[in-house]
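See structure below.
The values are calculated or read from the model by the stated rules, or taken from the named source; none is laboratory data. Because the structure is a prediction, the values reported are computed rather than measured. Neighbour counts run over all protein chains shown; Cβ positions are idealised from the backbone, glycine included.
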Amino acid sequence: MDGDAKEQLKRLRKALAAISARPPPPPPPPAPPDDHTLFMRAVEGVQPLAFDYFVHPPSRPSPWPLQRWQDEARVMAEAMSDFWPWDELESGEELLYLRPGMRPDTLKRLRRGEWVVQAELDLHGHTVDSGRLAVAEFLQRSRRANQRCVRIIHGKGLGSKQKQPVLKLKLKNWLAQRDEVLAFAQARAVDGGSGAVLALIKGWQER
């Protein structure tokens, strides 16, 4: 072995010795704990309750608002007269009414059914007195719910003794006396025809 080869061998041995003398690299840091592990650490030592959940008793609404609402409807019904200047309405005449100040085309649009009917009241089986109260409550309830277009089924009077639509004649008087009623018209044939009326009602915030 010549001198150059020996020199190279010495340098290689020194390099290997220097590498073996180096300290080993530090181990990688541990992975962070997951959410479950963190939660279990946080609740360590906590004693569980005897029940898994607590059932709250149902809350009962106060009867006072309902009582007040019914009293207001009764006062409204008592103020609705059965007689009006047009009480001579013929039995076959169509119900039409437009409050002054409303757009002239309101009745035309109402008769065409352009508004969606949002609530309905059926007066079949009612007397004049019970029907008046039912209409008063229905109008008040519909306005509070901001239901702008409603249908009231008054019937055609075929079941009455005189075969006359008694409630139809009275209903026109009742509706015309209410400030919240903006207009009403006979319903389309598909919505009840001459046995029903569609009414537009003011919104709850409107005066």
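Counting only residues that are surrounded by 10 or more Cβ atoms within 10 Å (Cβ to Cβ) and of a type in the set (S, T, N, Q), which one in region 30-71 is modelled with the highest pLDDT?
My answer is Thr37.
If a residue has to be farther than 18 Å from Asp179 by Cα and not basic (Lys, Arg) to count, how many in region 111-148 make the cut?
Our first condition is that a residue be farther than 18 Å from Asp179 by Cα; within region 111-148, this holds for 111-131.
Among the residues that remain, those that are also not basic (Lys, Arg) are: 113-131.
Count: 19.
Which ones in region 94-114 are of a type outside the set (Val, Ile, Thr), surrounded by 15 or more Cβ atoms within 10 Å (Cβ to Cβ) and not in a strand (DSSP E or B)? It would help to see each step written out before you state the result.
Here is the first cut: in region 94-114, the ones of a type outside the set (Val, Ile, Thr) are 94-105, 107-114.
When the remaining residues are screened for being surrounded by 15 or more Cβ atoms within 10 Å (Cβ to Cβ), the result is 95, 97-99, 107, 110-111, 113.
Leu95, Arg99, Leu107, Leu110, Arg111, Gly113, listed by residue number.
Please list, ordered by first then second residue, the pairs with beta carbon atoms under 9 Å, 6 or more apart or interchain, first in region 121-132 and within 15 Å of Ile153 (Cβ to Cβ) and without any contact (Cβ under 8 Å) to a residue 40 or more places away in the chain, second crowded, with 20+ Cβ neighbours inside 10 Å and β-branched (Val, Ile, Thr).
Sorted first by the residue in region 121-132, then by its partner, the pairs are Leu121/Val135; Leu121/Val150; Leu121/Ile152; Asp122/Ile152.
I want to confirm something. Restricting to region 115-130 and keeping residues that are closer than 15 Å to Val150 by Cβ and of a type outside the set (S, T, N, Q), which single residue is surrounded by the fewest Cβ atoms within 10 Å (Cβ to Cβ)?
At the first step, the residues of region 115-130 found to be closer than 15 Å to Val150 by Cβ are 115-123.
Those left that are additionally of a type outside the set (S, T, N, Q): 115-117, 119-123.
On the way: Trp115: 15, Val116: 8, Val117: 16, Ala119: 17, Glu120: 15, Leu121: 20, Asp122: 14, Leu123: 23.
The qualifying residue surrounded by the fewest Cβ atoms within 10 Å (Cβ to Cβ) is Val116.
Residue by residue through region 152-177, note down the ones that are assigned to a loop (DSSP other than H, G, I, E, B), crowded, with 18+ Cβ neighbours inside 10 Å and at pLDDT 85 or above.
The answer is His154, Gly155.
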